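For reference, the structure discussed in these notes is given below.
The values are calculated or read from the model by the stated rules, or taken from the named source; none is laboratory data. Nothing here was measured: the structure is a model prediction, and the numbers come from that model. For neighbour counting, all protein chains shown are included, and Cβ atoms are generated from backbone atoms with ideal geometry for every residue, glycine included.
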Amino acid sequence: MEVLVDSLQKVCGSSEHQIQMDSASCGSREEDCNRTFHLYIPERLCDNDDSSTNSVASIGTIPLVFAVHCFSCNAQAMAKFEAIAKEFNFVLVRPEGVESSWNAKYCCGYALDQKLDDIGFFGRIIDNLDASFEFVNKEMVYGVGWSNGGYMVTYSAHLFRSIAPIAGYQYGDFEAINHGTPTGLFQHHSLNDPVVSFNGCCSNTTMKKCCCGISKQGGDQCTSVDQAFEDWATKVNGCSGSATTTYIDNGRGIECRSGDDCSSNTTLCVHKNSEHFNPFSKGGFPMFNEIGDFFARDACLMNEGNWHAKSKLCSCADEQSSWMYCSALTITSDKHADSTSVVFTTGSIVIVIAVFTLMMPKRWKRCSINMNQKKKQDGWESVPSEEPKEIELR
């Protein structure tokens, strides 16, 4: 495919790039076709000399994560996720919305008014990264978004393997949004959110109005966070039973529950007094590490690995494999294939297995919670500990 990004090369650390969109997706202003995104590539990929293939080939395919900002802010608001990407070895994309906004059906601002094709923008980035870097595979892409960004990653869920919407969510025709494919959900919302109400945003005058014109877009019937989560659990991920409490942290006022027997992990964390999680990166949102763990665990398990939260390592079923997420490089005719000989001489059988497992629907098993805790009849209550707190996943 034609790579429509300026100077997209393996530059480890942070870099900024522009990508040109088709005029039909840009609204009324020609300059809106020139879109910007920030890219972070883990320094580990450049630990050795850049001309060497050994480091990349031994690391294999690693997760690609989108971190999508709120309305009236920019990609800098999601800069905290660079530290998470470094810790968990993700490739991170922080896209910039036009006029600090995203067109996510219900929210918000200029992008919504102009009907900008932000889903197309995300898709173009994924295609270009997948074509340019052997350590990126479009089957291993994740999305986290805050507020308008939460609306956006849910609205574009078909692009992602799992999403973590924070203080923003979709409701309604999930099958159309998700294209009928199970997608993991790690949703976060505060009970006292004054911007995007926990009870839903709609034009019903008896309900509390949400900010930024969201209520006008929502129709007459409000869909609460609880209801939207239940709809996602049943309609998108095919969960067969009622959600059960999987994590309680009274110290931070967080309670999480997960769907039962789902095609992909489906978890909602309700925060008691976090309002709209402002200031987001400076203590407003308390679960950055848990989101990193959620995506890393999924990437590990999809390749039949075993995830270790404390060490943040994925051990592979093939003990001889050294790939970070138990997935070999995905070499195609479009990618730079300088390490093809290394991959195919050491891991061709595993490549076949990895591709096969990507095509298989997966049932999620309960994983242990790696912390000191006591079990109560209604779920789990954490006891203060220095050990990593690991959400129980299904």
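The set of residues in segment 34-56 that are at pLDDT 95 or above, of a type outside the set (Ser, Thr, Tyr) and surrounded by fewer than 18 Cβ atoms within 10 Å (Cβ to Cβ) contains only Asn34. Glu30 meets the conditions (1) touching a helix residue (DSSP H, G or I) at 6+ places or on another chain (Cβ under 6 Å); (2) more than 28 Å from Phe277 (Cβ to Cβ) in every case but one. The failed one is (1).
Residues of segment 187-206 that are assigned to a loop (DSSP other than H, G, I, E, B) and either surrounded by fewer than 19 Cβ atoms within 10 Å (Cβ to Cβ) or within 11 Å of the chain's Cα centre (by Cα) (or both): Leu191, Asn192, Pro194, Phe198, Asn199, Ser203, Asn204, Thr205, Thr206.
Close Cβ contacts (under 8 Å, 6 or more residues apart or on different chains) running from residues in segment 311-325 that are on the phi > 0 side of the Ramachandran plot to residues that are surrounded by 14 or more Cβ atoms within 10 Å (Cβ to Cβ) comprise Lys312/Glu87; Lys312/Phe88; Lys312/Asp293; Lys312/Ala296. Of the residues making up segment 86-104, those that are of a type outside the set (Asp, Glu), closer than 30 Å to Gly60 by Cβ and in contact (Cβ under 8 Å) with a residue 60 or more places away in the chain are Phe88, Asn89, Phe90, Pro95.
For Cys262, state whether it is buried (at least 24 other Cβ atoms within 10 Å of the Cβ) and assigned to a loop (DSSP other than H, G, I, E, B).
Values: buried (at least 24 other Cβ atoms within 10 Å of the Cβ): yes; assigned to a loop (DSSP other than H, G, I, E, B): yes.
Yes, satisfied.
In segment 170-185, what residues are touching a residue at least 60 places away in the same chain (Cβ under 8 Å) and either crowded, with 24+ Cβ neighbours inside 10 Å or hydroxyl-bearing (Ser, Thr, Tyr) (or both)? Correct list: Gln170, Tyr171, Thr183, Gly184, Leu185.
Within segment 154-169, the only residue that satisfies the criterion of being aromatic (Phe, Trp, Tyr), within 15 Å of Thr223 (Cβ to Cβ) and either in a loop (DSSP other than H, G, I, E, B) or without any contact (Cβ under 8 Å) to a residue 40 or more places away in the chain (or both) is Tyr169. Of the listed requirements (1) in contact with an Asp or Glu (Cβ under 8 Å, 6 or more places away or on another chain); (2) surrounded by fewer than 19 Cβ atoms within 10 Å (Cβ to Cβ), Gln227 misses just one: (1). Quick one: how many residues across segment 126-153 are assigned to a helix (DSSP H, G or I), out of contact with any helix residue (DSSP H, G or I) (no Cβ under 7 Å at 6 or more places or on another chain) and buried (at least 24 other Cβ atoms within 10 Å of the Cβ)? Total meeting the criteria: 6.
For segment 65-76, the count of residues that are in a helix (DSSP H, G or I), surrounded by fewer than 24 Cβ atoms within 10 Å (Cβ to Cβ) and touching a residue at least 24 places away in the same chain (Cβ under 8 Å) is nonzero. Is it the case, given these coordinates, that Ala243 is aliphatic (A, V, I, L, M), within 25 Å of Phe288 (Cβ to Cβ), surrounded by 15 or more Cβ atoms within 10 Å (Cβ to Cβ) and at pLDDT 95 or above? No, not satisfied.
So, of the residues in segment 286-307 that are assigned to a loop (DSSP other than H, G, I, E, B) and buried (at least 22 other Cβ atoms within 10 Å of the Cβ), which turns out to be modelled with the highest pLDDT?
Going residue by residue through segment 286-307, those that are assigned to a loop (DSSP other than H, G, I, E, B) are 286-287, 303-305.
Still in the list and also buried (at least 22 other Cβ atoms within 10 Å of the Cβ): 287, 303, 305.
Details: Met287: 97, Asn303: 92, Gly305: 94.
Filtering segment 286-307 for residues that are assigned to a loop (DSSP other than H, G, I, E, B) and buried (at least 22 other Cβ atoms within 10 Å of the Cβ), the one modelled with the highest pLDDT comes out as Met287.
Here is a check on your reading of the model: is Glu82 touching a Lys or Arg at 6+ places or on another chain (Cβ under 7 Å) and closer than 15 Å to Ser14 by Cα? Spelling it out, it is not the case that Glu82 is touching a Lys or Arg at 6+ places or on another chain (Cβ under 7 Å) and closer than 15 Å to Ser14 by Cα. Inspect all residues belonging to segment 178-186 and state whether any of them is part of a helix (DSSP H, G or I) and of a type outside the set (Phe, Trp, Tyr). Within segment 178-186, one or more residues are part of a helix (DSSP H, G or I) and of a type outside the set (Phe, Trp, Tyr).
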